[in-house]
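Chemist: I have a structure I would like to understand better, so I am pasting it below and will then ask my questions one at a time.
The values are calculated or read from the model by the stated rules, or taken from the named source; none is laboratory data. Everything quoted here is computed from the prediction, not taken from an experiment. Here the Cβ is made from the backbone with ideal geometry for all residues, glycine too, and neighbour counts use every protein chain on show. Keep in mind that these areas ignore ligands, DNA and RNA; they rest on the heavy atoms of the full protein, side chains included. Shrake-Rupley method; radii C 1.70, N 1.55, O 1.52, S 1.80 Å.
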There are 2 protein chains.
Amino acid sequence: MAGTNSELKMIAEGPVVILVNPQLGENIGMVARAMANFGLAELRLVDPRDGWPSDTARAAASKADHIIDGVKVFDRLEDAIADLNFVYATTARSRDGFKPVRGPSVAAATLRTRFIAGERTGILFGRERWGLNNEEVGLADEIVTFPVNPAFASLNIAQAVLLVSYEWMKSGMADETETAFQPVEQTPATKEDLFGLFGHLEEALDARGYFRPVDKKPRMIDNLRAVFTRRAMSMQEIRLLRGVISSLDRYTRKRPRGATDDQDV
Amino acid sequence: MAGTNSELKMIAEGPVVILVNPQLGENIGMVARAMANFGLAELRLVDPRDGWPSDTARAAASKADHIIDGVKVFDRLEDAIADLNFVYATTARSRDGFKPVRGPSVAAATLRTRFIAGERTGILFGRERWGLNNEEVGLADEIVTFPVNPAFASLNIAQAVLLVSYEWMKSGMADETETAFQPVEQTPATKEDLFGLFGHLEEALDARGYFRPVDKKPRMIDNLRAVFTRRAMSMQEIRLLRGVISSLDRYTRKRPRGATDDQDV
């Protein structure tokens, strides 16, 4: 929903994505969507097989219209990268040559560093069928390749763009472990709150003769407490558990909460 | 090409991918392909809208037949995860609740640790349109979410599976910066080789009166050497450059290499 999204921050920056001889409009659209998902903005096409503009591409882009509208088309790869300072070529195959080969996370960190320094960068992606040829790879500064299953190594072009875009987004995060949202509260409760829970539960169980035989009681209490300390609980969780204990403790099946007579039976 | 690929290692292990109410066979196929790319093997479907098996899914899987053939279908999510020890739910939206929320790399590391410990794990993915409902998320142990562009946050289901699969593959690598192949040679040449290049070039230039005025010669040599030390060159690169210098030095336009008379003019 564009109305809602327009209030959110639209990230649109970073390296240019260059598709060399893309064949299917659908793939171009999925590339645009993947770029938009991870904050990239600029898409260039070199000699797209089915021409441009493409309705199929726009449909597959799932509303990444800002990227589809900004697409630039070139006849030659040299022209498509003429204004860039540093270019990666993506390839799944080993190449004869001297170019450094990087994994996606190292490549993304390099692109981020160069972006911050004000350089214009780009990433080349080859044809769906057979990727980039050696001459095209030769125009790039470095190679980026993906850690794939050796026996099933062929990545769809939109998937390859997605992975680079995703690593680009991660490279801009202060902390890779951060997430866009967090649970309601994760602060562990204080130990006092925890001991309150222990006391509440143990008293309710003791009143029912749960701790038998009596010489096993310390060990049984140890085990019981272990269950509730395995993971640091928040205050909300403790409150919830105490509600459970209160309910079990105070009411019976015969006289549930809300029954006409709330006295114990 | 199956013939070639069968000699390569087919990785097939790790967490189960569970799609809840997937709608399009094409998406199921693309999920299978993404899983195969990054070494996951086991796909389960809960109540797929268009039934199972699906020719569309098989076509979109691009030969990830080992995954399509092994798909298991369940009526209820509870049954689909009954044999698992630990389950992630993927979601793009914040949920009311106490569940820990992780990024993909942390989730992958957790899944890898549990895999090594012999646990059976799984990852839930929701419907194309609106993901998982709260009750389904409630069946999982933790939540995994993706660091997306806030204004363009909707990931295609196959893209979401790809990212988790990719992080799974990376979590099994001793070193995330390793790549499947490397350039022919990247060892920097020794300094002796480098000094040989300097001497060769500077002598050839000196013979032509390049260093003028003569008091600027030390500075000119500094600048020249800086060009060739900016990046550590390999022995091959130095050999190539020395060939270039020899060619410029030894031959002329009038008497190129291979001319009847190879003497200097």
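Chemist: For region B:200-229, give me the residue count where each residue is more than 44 Å from the chain's Cα centre (by Cα), closer than 21 Å to B:Arg257 by Cα and not basic (Lys, Arg).
Modeler: Residues that pass the stated criteria total 4.
Chemist: While we're on this one: Tell me which residues, restricted to region B:63-91, are within 17 Å of B:Ser165 (Cα to Cα) and within 14 Å of another protein chain (Cβ to nearest Cβ).
Modeler: Scanning region B:63-91 gives B:Ala64, B:His66, B:Ile67, B:Ile68, B:Phe86, B:Tyr88, B:Ala89, B:Thr90, B:Thr91.
Chemist: For region A:53-72, which positions are open to solvent by 70 Å² or more (accessible area, probe 1.4 Å) and either within 21 Å of A:Asn156 (Cα to Cα) or part of a strand (DSSP E or B) (or both)?
Modeler: A:Asp55, A:Thr56, A:Arg58, A:Ala59, A:Lys63, A:Lys72
Chemist: Mind counting the residues in region A:7-38 that are assigned to a strand (DSSP E or B), aliphatic (A, V, I, L, M) and within 12 Å of chain B (Cβ to nearest Cβ)?
Modeler: Total satisfying the criteria: 0.
Chemist: Shifting gears a bit: Among the candidates B:Val148, B:Val137, single out the residue that is closer than 19 Å to A:Thr177 by Cα, in contact (Cβ under 8 Å) with a residue 40 or more places away in the chain and either more than 7 Å from chain A (Cβ to nearest Cβ) or of a type in the set (A, V, I, L, M, F, W, C) (or both).
Modeler: B:Val148
Chemist: Going through region B:189-202 one residue at a time, which ones are closer than 22 Å to B:Arg250 by Cβ and free of Cβ contacts under 8 Å to residues at least 40 places away in the same chain?
Modeler: Matches in region B:189-202: B:Phe195, B:Phe198, B:Gly199, B:Glu202.
Chemist: In region B:208-241, which residues are of a type outside the set (S, T, N, Q) and touching a residue at least 40 places away in the same chain (Cβ under 8 Å)?
Modeler: Narrowing region B:208-241 to residues of a type outside the set (S, T, N, Q): B:208-222, B:224-228, B:230-233, B:235, B:237-241.
Across region B:208-241, the qualifying residues are B:Ala232, B:Met233, B:Met235, B:Glu237, B:Ile238, B:Leu241.
Chemist: Just need a number here: residues in region A:166-179 that are modelled with pLDDT of 80 or more, within 8 Å of chain B (Cβ to nearest Cβ) and crowded, with 16+ Cβ neighbours inside 10 Å.
Modeler: 3
Chemist: Within region B:212-247, count every residue that is acidic (Asp, Glu) and open to solvent by less than 50 Å² (accessible area, probe 1.4 Å). Spell out how you get there, then give the answer.
Modeler: Restricting attention to region B:212-247, the residues satisfying the condition of being acidic (Asp, Glu) are B:215, B:222, B:237.
Subsequent filtering for residues that are open to solvent by less than 50 Å² (accessible area, probe 1.4 Å) retains B:237.
Counting residues in region B:212-247 that are acidic (Asp, Glu) and open to solvent by less than 50 Å² (accessible area, probe 1.4 Å) gives 1.
Chemist: Here's a check for you: in region A:113-165, which residue that is aromatic (Phe, Trp, Tyr) and open to solvent by 10 Å² or more (accessible area, probe 1.4 Å) is farthest from B:Asn37 (Cα to Cα)?
Modeler: A:Phe115
Chemist: Same structure again: For region B:11-37, what are the residues that are closer than 15 Å to B:Gly122 by Cα, open to solvent by 10 Å² or more (accessible area, probe 1.4 Å) and out of contact with any helix residue (DSSP H, G or I) (no Cβ under 7 Å at 6 or more places or on another chain)?
Modeler: B:Glu13
Chemist: Also, quick follow-up: For A:Ala232, indicate whether it is at pLDDT below 75 and either among the aliphatic types (A, V, I, L, M) or over 26 Å from the mean Cα position of the chain (by Cα) (or both).
Modeler: yes
Chemist: Of the conditions (1) at the interface with chain B (Cβ under 7 Å from one of its Cβ atoms); (2) surrounded by fewer than 16 Cβ atoms within 10 Å (Cβ to Cβ); (3) over 30 Å from A:Gly14 (Cα atoms), A:Gln182 satisfies every one except a single condition; which number is it?
Modeler: (3)
Chemist: Inspect region A:20-30 for any residue being closer than 23 Å to A:Ser171 by Cα and modelled with pLDDT of 95 or more and give the result as yes or no.
Modeler: Among the residues of region A:20-30, at least one is closer than 23 Å to A:Ser171 by Cα and modelled with pLDDT of 95 or more, which makes the answer yes.
Chemist: While we're on this one: Limited to region A:38-52, what total is found for residues that are open to solvent by less than 70 Å² (accessible area, probe 1.4 Å) and on the phi > 0 side of the Ramachandran plot?
Modeler: Here the count works out to 2.
Chemist: Out of region B:153-165, which residues are at the interface with chain A (Cβ under 7 Å from one of its Cβ atoms) and assigned to a helix (DSSP H, G or I)?
Modeler: Scanning region B:153-165 gives B:Gln159, B:Leu162, B:Leu163.
Chemist: In contact (Cβ under 8 Å) with a residue 24 or more places away in the chain, assigned by TED's automatic domain parsing to the domain that holds A:Gly243 and open to solvent by less than 90 Å² (accessible area, probe 1.4 Å): does that describe A:Leu205?
Modeler: Numbers: in contact (Cβ under 8 Å) with a residue 24 or more places away in the chain: no; assigned by TED's automatic domain parsing to the domain that holds A:Gly243: yes; open to solvent by less than 90 Å² (accessible area, probe 1.4 Å): yes.
The answer is no for A:Leu205.
Chemist: Looking at region A:100-111, which of its residues are open to solvent by less than 50 Å² (accessible area, probe 1.4 Å), facing chain B (nearest Cβ under 7 Å) and closer than 26 Å to B:Ile238 by Cα?
Modeler: A:Pro100, A:Val101
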